[in-house]
Each structure stands twice: as structure tokens, then as C-alpha cells.
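What follows is a single structure, written as C-alpha cells, with notes after it.
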Amino acid sequence: MLAIASPASAALQEIRVVGVGIESSSMRANELAIEYAKKRAVYLAAKKMGVPSPSKAAAKLTNEQLRQIIRGANVVQTRRKGDMTFHEVNVTIVDEALRRAFKLPEKPVSDEAEMKMRGILLLSVYASNERAYMWEKENQLREPLSDEIRRQARGGVLLPGGDLEDLRLVDYQNALSVKPDELKPMFARYGAEEIIIAILKPSAPGTMDPSTVLLRRLKLDGEHNELLEIPPAMVEETSVVRLAKAANTIAGAITQIATSTAEREAAARASAQKLKLRFSYAIPKELARMQEVVRNSPATLYLEMPSIALARVGATVYLRGEAEALRTDLVKQGIVVTAINDGWRLSVR
């Protein structure tokens, strides 16, 4: 079966597998396909690490070991033909747990990686005028948000597989009311420090109403909500563009949450030079590109994006050194930098 592996972080890797389940019941076939995909991903990761006889070694793993090794499984595409169900699944593997299970030498993780990584589990809800959707195929937010999370977070944010264990705990009916204690099995199963439920109410085409997103941030020691507003650039903006902008904005906010921890980093930001940025863009892809260039510049310590009421797409960049070093990096990447009263305006044209 098809498998593509790529490093997601110092401790995680994402493996894409096509799993098949054969059963007259489509629900049971779904479970079998996901189960196969998970086990196949573990085998491929073991083979990549040089485990002797990886097939036999993987077959000996206990359910408890598999729970520690498999951080998440996200179904990105599915097809049903007769009694056969095919799932294309992105499986997130925890390298350290895999190494422990096969008694391989531990791979050292740098202090910086330890400091920046958090276990964030992201659930999405699409609230149409008729009803809300979470695990259902009608959840139009799930696919574009998954793509944006994989691109922006690079393994720092986990997406659940949506199997029966997940469905028993949370769905569209209790997304607004479920308490952290009720999700303890998900915290343990995915190794998550925080579970975030992003609930999108899309704006209607033909209006200037903003799309709204409620972020329910759940931790075992408490919870709080944050609100995002994503206004359209014009009345004619299509529902597809509005959805893409929402996915990009949510992914950016979640990525910032996942990478902003540690007192040491907060202390470094407190003493760093700050510069206001305003992003000018026509399509979400342009905004995403500019954010990535800013984040990846050696001159950038931290890029802070707004988390509440995005009436304007603004940001604050914390600098490691001089602002001119950042400007040089941006210009080299084709970003147009224009001085404004309180900082810089960035655009790609």
C-alpha cells in the first residue's frame, strides 16, 4: 500500500498509509481500515529505524505500547466499493515511544525543542445554518484545516482519527458543553496537554459579515474560550475563499498556541525589540506565505498573531537583532516592505 513518511518534528513523524477494511457493515469496515493503517504505519516506522524483522517485531507490540506509539490518525480521504472501504490516513508516530518499545537507543532532544513543543489536540466543528458537524463528512472545515495545520504546525498539533473511542466522548452535540474531565481518555490516549475545539460559523456570501470561530481551550485544570472574527475582503468573496481564510486563521492561532510556552521564551520576548506588522493580501495563500517567511527568518524570535477579533490582520514580531536584518530577509523572499506609522506593511505585490 502507498506510504509516504516525512519528519514532523524532533519527536514526531507523520506517515501516510492507505488502509483497507473488508466488511459488509461500513462502520466496521471503517474501523478495520483505520486499524490496519495504524499498524502498517508502525511497521514502516520500525523498518525505517532499522529494526530487525520489523514485521514480526511490530506484531508483538501490546495494545498499551501501540497507544503510546500512535499519537493520532487523521483520515484525509475515503472510498467505499462493495464490501471494501479504503482510507487514506495520516498516522502520527511518537519516535521516542517506538524506540523504547524496540529497545533502540534514545534520540536526544534539544532543550529548545523541549521548550517549544506542546501536545495540542485539535477538533473542528462546522456550524451551518441547518446544524453542526464534527466527525461527519459534511464538516467542510476539517479537510482545509487539516491541510493548514500540517503545513503550519509541522507536527506540533495533533488531529484525532475520529474512531469509535473518540466518538463516544465528543461529537457535534456536546462540542459546546463537554468538560475537560469527560475527555480524560483523549488527553491520555493522545498525550495531549490541551484539547482545543474550533467551532466555525461561516459568514454568508453576499454579505460583509465576518465568519466567527469559537476556540474552546480545554485543560485538565480548567478551560476558557477565545473568539476569532474573520471579515471578508469584499461582498463578492465566495464561500470557498471565506472557508480557506477561516482555516488559515484558525491554523495560525492554534500553531501559535502550540509553540508559545516556556518561561524562558517569555522572558526573552519581554526584553526583545518589537515591531508591528500589517499583512496586506488578496488570497489566504499570500498571507500564509508571508507569515512563514517572517517566522523562518533568523532575525525573528517570535511572531505573535492576534487571537481575538481579527478586524485587521496585524501582528507583532519580536526580534533577535536589528529590524533591518528582517527587512533584508523579507525582500530576498519577494516580500514588499512598506513603512507605515506604527511599523511595516507587508505584501507580495
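The values are calculated or read from the model by the stated rules, or taken from the named source; none is laboratory data. Note that the coordinates shown come from a computational prediction; the quantities given were computed from them, not determined experimentally. A quick note on method: Cβ atoms are made from the backbone with ideal geometry, for glycine too, and the neighbour counts reach across all protein chains shown. For accessibility, only protein heavy atoms count, side chains too; no ligands or nucleic acids. Shrake-Rupley method; radii C 1.70, N 1.55, O 1.52, S 1.80 Å.
Out of segment 27-68, which residues are over 28 Å from the mean Cα position of the chain (by Cα), part of a helix (DSSP H, G or I) and either under 15 Å from Gly161 (Cα atoms) or of a type outside the set (D, E, K, R) (or both)?
Result: Pro54, Ser55, Ala57, Ala59.
Return the residues of segment 183-203 that are of a type in the set (Gly, Ala, Ser) and either open to solvent by 50 Å² or more (accessible area, probe 1.4 Å) or touching a Ser or Thr at 6+ places or on another chain (Cβ under 6 Å) (or both); say none if nothing qualifies. Break it down into steps so the answer makes sense when it comes.
Pass one, segment 183-203, residues of a type in the set (Gly, Ala, Ser): 188, 191-192, 198, 203.
Result: Ala188, Ala198, Ser203.
Would you pick out the residues in segment 15-26 that are part of a helix (DSSP H, G or I) and farther than 13 Å from Phe86 by Cβ?
Of segment 15-26, the ones part of a helix (DSSP H, G or I) are 26.
Listed by number, the list is empty, since nothing qualifies.
Here's a check for you: in segment 277-293, which residue that is at pLDDT 85 or above and under 19 Å from the mean Cα position of the chain (by Cα) is nearest to Lys332 (Cα to Cα)?
Filtering segment 277-293 for residues at pLDDT 85 or above gives 277-280, 290, 293.
Subset that is under 19 Å from the mean Cα position of the chain (by Cα): 290, 293.
Numbers: Met290: 12, Val293: 10 Å.
In this case the residue turns out to be Val293.
Which one of these is open to solvent by less than 50 Å² (accessible area, probe 1.4 Å), in a loop (DSSP other than H, G, I, E, B) and among the charged types (D, E, K, R): Asp209, Asp171?
Details: Asp209 fails: open to solvent by less than 50 Å² (accessible area, probe 1.4 Å).
Result of the check over Asp209, Asp171: Asp171.
Anything in segment 43-56 that is of a type in the set (Gly, Ala, Ser) and open to solvent by 20 Å² or more (accessible area, probe 1.4 Å)? List them, or say none. Steps first, answer last, please.
Taking segment 43-56 first, the residues of a type in the set (Gly, Ala, Ser) are 45-46, 50, 53, 55.
The answer is Gly50, Ser53, Ser55.
May I ask you to say which residue of Arg327, Arg345, Arg349 is among the basic types (Lys, Arg) and modelled with pLDDT under 85? Break it down stepwise before answering.
On the way: Arg327 fails: modelled with pLDDT under 85; Arg345 fails: modelled with pLDDT under 85.
Only one candidate passes the filter, namely Arg349.
In this structure, is Ala132 open to solvent by less than 30 Å² (accessible area, probe 1.4 Å), at pLDDT 85 or above and not charged (D, E, K, R)?
Working: open to solvent by less than 30 Å² (accessible area, probe 1.4 Å): yes; at pLDDT 85 or above: yes; not charged (D, E, K, R): yes.
It is true that Ala132 is open to solvent by less than 30 Å² (accessible area, probe 1.4 Å), at pLDDT 85 or above and not charged (D, E, K, R).
In segment 58-92, what count of residues is obtained for those that are more than 25 Å from Ile22 (Cα to Cα) and open to solvent by less than 20 Å² (accessible area, probe 1.4 Å)?
Of the residues in segment 58-92, 1 are more than 25 Å from Ile22 (Cα to Cα) and open to solvent by less than 20 Å² (accessible area, probe 1.4 Å).
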